[in-house]
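J.: Before anything else, here's the structure in question.
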Amino acid sequence: IRDEESGYNKNLFCIPKHYEEDLERVFIPHGLILDRTERLARDIMQDMGNHHIVALCVLKGGYKFFADLLDHIKALNQNGDESVPITVDFVRIKSYC
């Protein structure tokens, strides 16, 4: 996102009531995030080929993205010509500093 990007008017979206007063604009719509997540899953599957995939999620902040990404990877894995083994694990980090 460029610094001069003004985003989208929040009235174009369904915003939960408890966020309405705190939110001024939407910079990245949810649909765009889902589309990029699906594209990332396709890139991962293409780059990994037939190699075993080890997916590691950093808790807690990354869980939703991780779950969405894994859903896309699993769908591609089930609908592809060959099935690739996937191992999932989680790590919790006390501080980002």
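J.: Could you tell me how many of the residues in region 49-67 are among the aliphatic types (A, V, I, L, M) and under 9 Å from the mean Cα position of the chain (by Cα)?
T.: Within region 49-67, residues that are among the aliphatic types (A, V, I, L, M) and under 9 Å from the mean Cα position of the chain (by Cα) number 1.
Yes or no, residue by residue, for (1) open to solvent by 100 Å² or more (accessible area, probe 1.4 Å); (2) over 30 Å from Arg2 (Cβ atoms):
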{"site": "Lys17", "(1), (2)": "yes, yes"}
{"site": "Gly31", "(1), (2)": "no, no"}
{"site": "Glu38", "(1), (2)": "no, no"}
{"site": "Asp43", "(1), (2)": "no, no"}
{"site": "His51", "(1), (2)": "yes, yes"}
{"site": "Tyr63", "(1), (2)": "yes, no"}
{"site": "Ser83", "(1), (2)": "no, yes"}
{"site": "Ser95", "(1), (2)": "no, yes"}
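J.: So which residues in region 3-21 are within 21 Å of the chain's Cα centre (by Cα), at negative phi and touching a residue at least 12 places away in the same chain (Cβ under 8 Å)?
T.: Tyr8, Phe13
J.: Next question, about the same structure. Considering Asp3, Asp22, Asp43, which residue is closer than 29 Å to Lys74 by Cβ and of a type in the set (Asp, Glu)?
T.: On inspection, the qualifying residue turns out to be Asp43.
J.: Would you point out which residue out of Val58, Val88 is touching a residue at least 24 places away in the same chain (Cβ under 8 Å), over 30 Å from Ile15 (Cα atoms) and touching a strand residue (DSSP E or B) at 6+ places or on another chain (Cβ under 8 Å)?
T.: Criteria check complete, one pass: Val88.
J.: Just to check your reading of the model, which residue among Leu76, Leu56 is of a type outside the set (D, E, K, R), under 16 Å from Leu40 (Cβ atoms) and open to solvent by 90 Å² or more (accessible area, probe 1.4 Å)?
T.: From the options Leu76, Leu56, the qualifying one is Leu56.
J.: Which one is nearest to Ile86 (Cα to Cα) among residues in region 19-29 that are open to solvent by 100 Å² or more (accessible area, probe 1.4 Å) and in a loop (DSSP other than H, G, I, E, B)?
T.: Phe27
The values are calculated or read from the model by the stated rules, or taken from the named source; none is laboratory data. What you are looking at is a predicted structure, and each value in this text was computed from that prediction instead of being measured. As a convention, Cβ positions derive from the backbone with ideal geometry for all residues, glycine included, and neighbour counts pool all protein chains shown. Heavy atoms of the whole protein, side chains included, go into the accessibility calculation; ligands, DNA and RNA do not. Shrake-Rupley method; radii C 1.70, N 1.55, O 1.52, S 1.80 Å.
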